[in-house]
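Trainee: First the structure, then my questions, so here it is.
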Amino acid sequence: MLHSERPGARCLARLMIRANELKLHISNTTNIRMETCSRRTSSLANASVFEFKHRDIIIRLIYLIAVLCYLFDPEMVASLLAERLATQFGVLAERAKHAVLFAGAGLVGLAVLIRTWATAYLRYDVMRNPRIHTDRLISEGPFGHLRNPLYFGNLLMVAGVSLSMSRSGLVVLVVGSLLFIHRLIGREESELAQTHGESFRDYCTAVPRWVPSLKPPKCMTGQIPSYKNGVVGELFLWIIGLALATYAATFDLRLFGIIFVCAFIPGAIRRICRIGQRRAA
């Protein structure tokens, strides 16, 4: 009996060992597939190199498409809101429209202030650079309250400008901007995580992504802001805000257009100067 039981016990032990090895192999294969899937998903959720390089053009294209919606949807959101306010509160529709457009211009002004504050720390050359700069991890100024103050400013601007759009234009502007900015943030944060590792993860734990924290920044890196650099860097948006405020006060599209066109002059001058410097070099 002893001799007949030993071979059976050995076979059973071998079967158990092989079953455990098979389970381990299946578990490892599943983990590898899940990691691959998560990497593919994260890469799809993040902006491509092309998108990040041409982000300014893409953002302006979203605005342009939203404006072109006026071709088939001519009713301005501000006018529709003004009619409801006039009916509900018994005020003139024209005055209500002035108020709605001034509220939008106020949101744009707040957005430009936040972006100017952030650019003062980040610097204009980094903010406009087609490449992602991960050499510095800034946690001071607005970056101590919010991880992406520049994009937060963009979203405030979208909220303000959308009141001047048509209904379909509002949908295009809000949805398009939210999706694209989310992709840009994913790209930047993945690059920063690769460069700074644990430091960036600690920063993400302490500082929110979307909703600003009122707590002062804990980590101070000694970064000195240049508010002149911030104002110059955001001069285009300051002039756009002025154009919107002017239209809110006057309803004069011609005057709005003149100021709007002037917003592109500083950028054109900078480009001409850069071309001249390259040729001289």
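Just so it is clear, none of the values below were taken in a lab; they were calculated from the coordinates. Just so it is clear, the structure is predicted and the values come from calculations on it, not from any experiment. Methodologically, a virtual Cβ is constructed for each residue, glycine included, from the backbone with ideal geometry; neighbour enumeration extends over all protein chains shown.
Trainee: Per the Kirkwood formula on distinct C-alpha pairs, the Rh of region 47-280 is how many angstrom?
Mentor: Final number for the Kirkwood radius of region 47-280 is 19.3 Å.
Trainee: Work out, step by step, the length gained on full extension between THR195 and THR134: first 0.36 nm times the residue separation, then minus their alpha carbon distance; give nm to one decimal.
Mentor: 21.3 nm
Trainee: Here is a follow-up. Beta carbons within 10 angstrom, averaged per residue: use that to sort the peptides 115-123, 187-195, highest first.
Mentor: Peptide ranking by packing, descending: 115-123, 187-195.
Trainee: How much net charge surrounds ALA66 when only other residues with a Cβ under 15 Å from its Cβ are counted (Lys, Arg +1; Asp, Glu -1)?
Mentor: Summing Lys/Arg as +1 and Asp/Glu as -1 gives 0.
Trainee: Work through the residues other than ARG123 whose Cβ is under 15 Å from its Cβ and net out their charges, Lys, Arg +1 and Asp, Glu -1.
Mentor: My count for the surroundings of ARG123 gives +2.
Trainee: Let me ask something else. Using R₀ = 41 Å, calculate the FRET efficiency as 1/(1 + (r/R₀)^6) where r is the Cβ-Cβ separation of ILE258 and VAL49; round to 0.05.
Mentor: 0.65
Trainee: Take region 107-155, compute every pairwise Cα distance, and split them into 5 Å bins from 0; I just need the percent in each bin.
Mentor: Once binned at 5 Å, the Cα pair distances of region 107-155 give 5, 22, 31, 28, 11, 3, 0.
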